[in-house]
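For reference, the structure discussed in these notes is given below.
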Amino acid sequence: MSINRSRLDRIIAEKCQINRKKVRLMLAQKRIRVDGVIANNVAQAVDKFSVILVDEEAIQQHHPLYIMLHKPIGVVCATKDDKHTTVIDLLETLLTAEERASLHIVGRLDLNTSGLVLLTNDSRWSEQLTSPENKVPKHYLVTLERLLTNEYITAFAEGMFFAFEGITTKPATLNIVSQYQAHVVLTEGRYHQIKRMFGRFRNPVVALHRIAVGDYRLPEDLKVGESRIIVV
Ligand code: URA
């Protein structure tokens, strides 16, 4: 997803259903404001969060939204689903339908994974968090069916070859928390990555919970199914 910047005259022509000549005239008459400032350049770059007023009336006024959700097991990371409750459905009391419709998910979790899910309508922010070059750490607490050994630490750090994608996973950190629990930090998000990595040891994942994404940590007081607006 890339941040969409457009020319001011194009946006106004579209929203007000007028031609660009008329827009030029309105600019000359100082009837247009962008983010509080009288606009005078037809080619001024604006994005979806620029507040645009024509004759002091807003024709565009979107606010960036940043949401943290404690995803329960059994809720799907999708915007629409016929069978399951979606992460968007869980935001019904927090946001309006229009606000919910503007959101996208910043890094999905599997249906049976719980924990931190971030959502936003600001693609610049989600790109920063998901772009592979930024290597943003994703922290997981993993519960396994069988005992952990120190071999896992080396294997996760060295990376594993996934024949299906033809890639080797990036170095990952694994700390043994207890006999059956590990704290894993990934800097990428391959399909079912954690389950597949433990699968190499024939050790099924019993529970998977995301604790943090970069600097955003699941707050202890955010209960399962709850969400909140965050300031970034
Ligand atoms: N790895 C998985 O296998 N599942 C997730 O939901 C996240 C990481």
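The values are calculated or read from the model by the stated rules, or taken from the named source; none is laboratory data. Quick caveat: nothing in here was measured; it's all calculated off a predicted structure. A quick note on method: Cβ atoms are made from the backbone with ideal geometry, for glycine too, and the neighbour counts reach across all protein chains shown. With ligands, DNA and RNA removed, areas are computed over all heavy atoms of the protein, side chains included. Shrake-Rupley method; radii C 1.70, N 1.55, O 1.52, S 1.80 Å.
Annotations for the structure displayed:
- In this calculation the C-beta distance from N40 to R5 is compared with R0 = 22 Å, giving a FRET efficiency of 0.75.
- Anisotropy class of the chain from Cα gyration tensor, a/c 1.5 cut: prolate
- Segment 214-219 - phi-based ³J(HN,Hα) in whole Hz, Karplus 6.51/-1.76/1.60, Gly and Pro as x: x, 7, 8, 10, 5, x
- Under 16 Å from the H63 label point (7 Å along Cα→beta-carbon), backbone N, segment 193-232: 228-232
- Within the accessible area of the chain (1.4 Å probe), percent carbon and sulfur: 50
- Taking label positions 7 Å along the Cα-Cβ direction at both E99 and K21, the computed distance is 4.3 nm, reported to one decimal.
- 3J(HN,Hα) from dihedral phi, segment 101-109, Karplus parametrisation 6.51/-1.76/1.60, rounded to Hz, x for glycine, proline: 5, 7, 8, 10, 8, 9, x, 7, 10
- Computed over neighbours whose Cβ is under 14 Å from that of H209, the net charge equals +4, Lys and Arg +1, Asp and Glu -1.
- Restricting attention to the chain, the count of lysine pairs at 8 or more positions apart or across chains with alpha carbons under 26 Å apart stands at 27.
- Qualifying GluC sites (Glu not before Pro) in segment 27-110, DSSP loop, other Cβ atoms within 10 Å at most 11: E56, E92
- Loop-resident sites, segment 72-180, for chymotrypsin sites (Phe, Trp or Tyr not before Pro), counting at most 16 other Cβ within 10 Å (DSSP): F164, Y180
- With an a/c value under 1.5 for the gyration tensor axes a ≥ b ≥ c computed over the alpha-carbon atoms, segment 6-60 is described as rounded.
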